[in-house]
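Derivation of every value follows stated rules applied to the coordinates shown; laboratory data play no part. Note that this is a predicted model, so its numbers are computed, not measured. Note: ideal-geometry Cβ built from the backbone for every residue, glycine included; neighbour counts use all protein chains shown.
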Amino acid sequence: MTDAELRQLPAAREVDCRGELCPGPVLKAMEALGAVQAGDVVVLITDLEPATANVRLAVETGGLAQALGVVQEDGLFRLYLKRL
């Protein structure tokens, strides 16, 4: 998906993990995904790019969500996750 398409997705939840090191973002993403319905989108916001890779790996390996993409803007990374 393009950045524009990702930005237009309605988010069921946003998880703000700015300044947090792993495993914090992974745990918060899994908690948020567990609280939404299949097909819902959760957006993880972080200022640390490695957190996006760690969260993507954790949720996809666990079969919890599909990573739709990352939008980088103003020093932040927004990882879009679709609950499976």
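Can you tell which of 68, 2, 21 lies farthest toward the positive end of the dipole of the chain, using +1 and -1 charges on the Cβ of basic and acidic side chains (Lys, Arg; Asp, Glu)? Of 68, 2, 21, it is 68. Contact order for the chain, expressed relative to its length and based on alpha carbon pairs under 8 Å spaced 6+ residues apart, stands at 33 percent.
DSSP bridge analysis restricted to the chain gives an antiparallel fraction near 80%, rounded to the nearest 5. Straightening the chain between residue 68 and residue 45 buys 6.9 nm, computed as 0.36 nm per residue apart minus the Cα-Cα spacing.
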